[in-house]
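Report on one structure; see the data block that follows.
The values are calculated or read from the model by the stated rules, or taken from the named source; none is laboratory data. Just so you know, these numbers come straight off a predicted model, no measurement behind them. When we count neighbours, we look across all protein chains shown, and the Cβ atoms used for this are built from the backbone with ideal geometry, even at glycine.
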Amino acid sequence: MKRLREAVVNYDVELAVELSREVIRTGFDPLRAIEQGLGDGLRVIGDKFEAGEIFLPMLMMAAQAMKESLAILEPALGKGTSRCMH
């Protein structure tokens, strides 16, 4: 989770995508990765933006890292839900 958080905080889209794929490969809980990894990272970025420590382009790069990671992780959420229903 720490590495996903850091990928967002460091605006590293490629690393965020790679780590998201690793979450899927290893069977780690994608919801936990979203909430505790990506979400925590985006909260840090939001706080920095509000404090004037970073500017809009940096905020957008962090959001892109989260967006591309979510595209990988969200489909796995549906699979987990359907398995629980059977």
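Are there any pairs, at least 6 apart or on different chains, whose C-beta atoms fall under 7 Å, with the first in segment 39-65 and without any contact (Cβ under 8 Å) to a residue 24 or more places away in the chain and the second not in a helix (DSSP H, G or I) and not hydroxyl-bearing (S, T, Y), and if so, which?
K48/I54
What residue, of A16, A7, A76, A65, is of a type in the set (G, A, S), at pLDDT below 95 and buried (at least 18 other Cβ atoms within 10 Å of the Cβ)?
Details: A16 fails: at pLDDT below 95; A7 fails: at pLDDT below 95; A65 fails: at pLDDT below 95.
Of the residues listed, the single one that is of a type in the set (G, A, S), at pLDDT below 95 and buried (at least 18 other Cβ atoms within 10 Å of the Cβ) is A76.
Exactly one condition in (1) at pLDDT 95 or above; (2) small (G, A, S); (3) in a helix (DSSP H, G or I) is not met by G52; state its number.
(3) is the only condition that G52 fails.
Being over 10 Å from S20 (Cβ atoms) and under 10 Å from the mean Cα position of the chain (by Cα) is the filter here; which residues of segment 46-65 pass it?
Filtering segment 46-65 down to residues over 10 Å from S20 (Cβ atoms) leaves 46-64.
Correct list: A62, A63, Q64.
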